[in-house]
Amino acid sequence: MITITLIAFMTINAICSNQDVLEKYNCTIIKTETFKTFKKSFYIRVQEQLTEDQLREVAQQIKKDNNSYERLFIFYLLPDMEMGSGAWAISHFNPNLEIVIMGATKEQEEQLKNEITYSGDIIGKWFCGYAGLEHSIIFEKKEDKIIAKLKFKDGSTMKETLIKKPNGRFDIKGNENGEYYILNSLGDLELWDTQGKLTTAKKIE
């Protein structure tokens, strides 16, 4: 009887421990996939960028509670990311722990938002959080032209000449992929091409 009680206590304690770590960093497991006892994948929604140490803590707890699997693959998605569109970061046991942050860290995001320079009249400022391609966008009117300035997390920049159309649409002059912007009713900036909407950049207040 004592043995059964002890096993039950240890099981409950492990479950609570896992929940505590996920709750601590506001993480939610949105999907799991298993392949026999060989590997298991976790897709985790995070509400903000975690540090490498925080990702390690989450990964080690998940590994502890799923130690029967030889390999674990853990994918982290930010709030606006959809399943199947990549991951902001990974922490895989394959079989040793490997942590890779593909997207921008919290510090890099703040830097992109705050280090915006301009020389004309500002139309708007936005931040695109597409993992791996994070960048700030500024529309400015200079003389008789509307220019989009993009700055990426690696420090590279790009300029686009825009052609203003009705209903908040801005075509990108000379773009061979048919890409264009739409300023929506919320003040956010959507990027479209001939196949549909690609992503949405959030307005910087």
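Data for the structure
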read-out	value
Condition check for residue 110: within 30 Å of residue 55 (Cα to Cα), of a type in the set (Asp, Glu) and either outside the structural domain of residue 39 (by TED's automatic domain parsing) or in contact (Cβ under 8 Å) with a residue 24 or more places away in the chain (or both)	yes
Leading residue by the ranking (nearest to residue 113 (Cα to Cα)) among those in the stretch 149-192 that are assigned to a strand (DSSP E or B) and touching a Ser or Thr at 6+ places or on another chain (Cβ under 8 Å)	151
Residue count, the stretch 151-179 (criterion: surrounded by 17 or more Cβ atoms within 10 Å (Cβ to Cβ), closer than 30 Å to residue 101 by Cβ and of a type in the set (A, V, I, L, M))	1
Complete set of residues in the stretch 157-205 that are without any contact (Cβ under 8 Å) to a residue 40 or more places away in the chain and at positive phi	167, 168, 174, 178, 196
Leading residue by the ranking (surrounded by the most Cβ atoms within 10 Å (Cβ to Cβ)) among those in the stretch 74-83 that are among the hydrophobic types (A, V, I, L, M, F, W, C) and either in contact with a Lys or Arg (Cβ under 8 Å, 6 or more places away or on another chain) or in a loop (DSSP other than H, G, I, E, B) (or both)	77
Verdict on residue 64 being exposed (fewer than 14 other Cβ atoms within 10 Å of the Cβ), basic (Lys, Arg), over 14 Å from the mean Cα position of the chain (by Cα) and assigned to a helix (DSSP H, G or I)	yes
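Matching residues to (1) surrounded by 14 or more Cβ atoms within 10 Å (Cβ to Cβ); (2) in contact with a strand residue (DSSP E or B) (Cβ under 6 Å, 6 or more places away or on another chain); (3) of a type in the set (D, E, K, R); (4) at pLDDT 95 or above:
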{"residue": "36", "(1), (2), (3), (4)": "no, no, yes, no"}
{"residue": "72", "(1), (2), (3), (4)": "yes, yes, no, yes"}
{"residue": "85", "(1), (2), (3), (4)": "no, no, no, no"}
{"residue": "89", "(1), (2), (3), (4)": "yes, yes, no, yes"}
{"residue": "104", "(1), (2), (3), (4)": "yes, no, no, no"}
{"residue": "110", "(1), (2), (3), (4)": "no, no, yes, no"}
{"residue": "113", "(1), (2), (3), (4)": "yes, yes, yes, no"}
{"residue": "120", "(1), (2), (3), (4)": "yes, yes, no, no"}
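Each row is one residue, and each column tells you yes or no for (1) in contact (Cβ under 8 Å) with a residue 12 or more places away in the chain; (2) not aliphatic (A, V, I, L, M).
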{"residue": "74", "(1), (2)": "yes, no"}
{"residue": "86", "(1), (2)": "yes, yes"}
{"residue": "106", "(1), (2)": "yes, yes"}
{"residue": "155", "(1), (2)": "no, yes"}
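The values are calculated or read from the model by the stated rules, or taken from the named source; none is laboratory data. The structure presented is a predicted model; accordingly, all values stated were derived computationally and were not measured. Heads up, the Cβs are rebuilt from the backbone with ideal geometry, glycines too, and the neighbour counts pull from every protein chain shown.
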